[in-house]
Amino acid sequence: MPPEMNLRIAPRSVQQETVDKLRQAIFSGLFQPGSRLVESQLCAQLGVSRPSLREALRSLHAERLIEMVPNRGPSVPALSWEEATAIYEVRELLEVEAAGRCASAISKERLVDLKNSLTAFEEATSSKDNLAQVMTAAEFYSIILVNCGNPILEEVHRGLLARISFFRGRSMSLEGRAQSSLAEMKDIYEAIAEGNVKEARKAAQRHLVKAKAAAQLSMTGKD
């Protein structure tokens with residue numbers, strides 16, 4: 001059964017809160033791939049107007065997290081393993097390079113931030129909070145990308161972040177995967193902290209190979 005989630009938003013930026021809540025609902029599995037998003041129901045759940053909801057849906061459509069089907073309305077796309085494979089291939093190109101560059105470029109202050117994000121992921125893993133695992137893992141990689149010394153690498157990766165997080169949620173749903181991911185991310189952190197460019201690249205690549213295998217098992221039932 002999909003997890004229960006309180007979708008009602010707090011009165012800050014209605015637009016951004018609506019986007020954030022819907023994005024989190026997709027990442028957490030509350031809205032399953034292939035399911036329709038009924039506007040009247042969402043307005044009631046979120047407590048927002050239809051214009052606000054539609055603007056939020058347009059933002060999520062731009063992130064490729066939902067699709068707009070003529071005569072059917074918005075829905076969560078049933079993303080294929082072929083698309084997942086393409087995403088993981090691009091992740092490998094970007095994240096392996098970024099990890100190596102980060103090992104030689106990150107400052108001591110930002111290394112503390114990276115350690116803190118790893119600790120946050122460890123706490124999410126201990127509590128078995130799938131959504132928190134997805135979000136804290138995204139923060140860990142965001143810090144690596146921001147500190148790799150190449151803003152274009154970070155920009156391209158950010159454009160894929162929503163779909164990366166979607167597939168990360170699928171792989172993290174497997175029993176034991178979050179714990180394995182934690183060990184792999186610790187290896188990446190330690191290599192970066194030591195300034196070991198070669199080992200940072202190797203650790204990032206090992207992690208991605210295992211993450212891809214976990215996502216494949218989750219999505220297709222095949223190793």
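The values are calculated or read from the model by the stated rules, or taken from the named source; none is laboratory data. Nothing here was measured: the structure is a model prediction, and the numbers come from that model. Counting neighbours? That spans all protein chains shown, and the Cβs are built from the backbone with ideal geometry, glycine included.
A quick yes/no check of all residues on (1) in the same structural domain as Gln133 (by TED's automatic domain parsing); (2) among the aromatic types (Phe, Trp, Tyr); (3) in contact with a strand residue (DSSP E or B) (Cβ under 9 Å, 6 or more places away or on another chain); (4) surrounded by 13 or more Cβ atoms within 10 Å (Cβ to Cβ):
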| site | (1), (2), (3), (4) |
| --- | --- |
| Gly29 | no, no, no, yes |
| Ser49 | no, no, no, no |
| Ala62 | no, no, no, no |
| Val69 | no, no, yes, no |
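If you check Ala120, Ala137 for being under 16 Å from Met185 (Cα atoms) and touching an Asp or Glu at 6+ places or on another chain (Cβ under 8 Å), only one passes: Ala120.
Give the number of residues within region 68-77 that are under 18 Å from the mean Cα position of the chain (by Cα) and free of Cβ contacts under 8 Å to residues at least 24 places away in the same chain.
Going through region 68-77, the residues under 18 Å from the mean Cα position of the chain (by Cα) turn out to be 76-77.
Checking the rest, the ones that are also free of Cβ contacts under 8 Å to residues at least 24 places away in the same chain come to none.
Residues meeting the conditions: 0.
With respect to (1) surrounded by fewer than 15 Cβ atoms within 10 Å (Cβ to Cβ); (2) in contact (Cβ under 8 Å) with a residue 12 or more places away in the chain, the lone exception for Ile87 is condition (1).
Can you tell me which of His207, His157 is part of a helix (DSSP H, G or I) and either farther than 23 Å from Asp20 by Cβ or in contact with a Pro (Cβ under 6 Å, 6 or more places away or on another chain) (or both)? Going through His207, His157 in turn, just one is part of a helix (DSSP H, G or I) and either farther than 23 Å from Asp20 by Cβ or in contact with a Pro (Cβ under 6 Å, 6 or more places away or on another chain) (or both): His207.
Quick grid of which residues meet (1) surrounded by 15 or more Cβ atoms within 10 Å (Cβ to Cβ); (2) more than 18 Å from the chain's Cα centre (by Cα); (3) free of Cβ contacts under 8 Å to residues at least 40 places away in the same chain:
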{"site": "Ile152", "(1), (2), (3)": "no, yes, yes"}
{"site": "Ala162", "(1), (2), (3)": "yes, no, no"}
{"site": "Ala193", "(1), (2), (3)": "yes, yes, no"}
{"site": "Ala200", "(1), (2), (3)": "yes, yes, no"}
{"site": "Thr220", "(1), (2), (3)": "no, yes, no"}
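Do we find a residue being surrounded by fewer than 16 Cβ atoms within 10 Å (Cβ to Cβ) and either in contact with a Ser or Thr (Cβ under 7 Å, 6 or more places away or on another chain) or in contact (Cβ under 8 Å) with a residue 12 or more places away in the chain (or both) anywhere in region 18-26? No; the residues of region 18-26 include none that is surrounded by fewer than 16 Cβ atoms within 10 Å (Cβ to Cβ) and either in contact with a Ser or Thr (Cβ under 7 Å, 6 or more places away or on another chain) or in contact (Cβ under 8 Å) with a residue 12 or more places away in the chain (or both).
Of Gln41, Gln45, all but one fail to be over 25 Å from Ala132 (Cα atoms), in a helix (DSSP H, G or I) and not assigned by TED's automatic domain parsing to the domain that holds Ala211; the exception is Gln41.
Restricting region 48-57 to residues that are in a helix (DSSP H, G or I) and of a type in the set (A, V, I, L, M), which is farthest from the chain's Cα centre (by Cα)? First the steps, then the outcome.
The first filter runs over region 48-57 and keeps only residues in a helix (DSSP H, G or I), leaving 50-57.
Next, from what is left, pick out any that are of a type in the set (A, V, I, L, M): 53, 56-57.
Values: Leu53: 22, Ala56: 18, Leu57: 18 Å.
Ranking the qualifying residues of region 48-57, first place goes to Leu53.
Filtering region 31-47 to residues that are surrounded by fewer than 17 Cβ atoms within 10 Å (Cβ to Cβ) and either within 22 Å of the chain's Cα centre (by Cα) or modelled with pLDDT under 90 (or both) leaves Gln32, Pro33, Gly34, Ser35, Arg36. Of the residues making up region 87-143, those that are assigned to a loop (DSSP other than H, G, I, E, B), at pLDDT 95 or above and not hydroxyl-bearing (Ser, Thr, Tyr) number 1.
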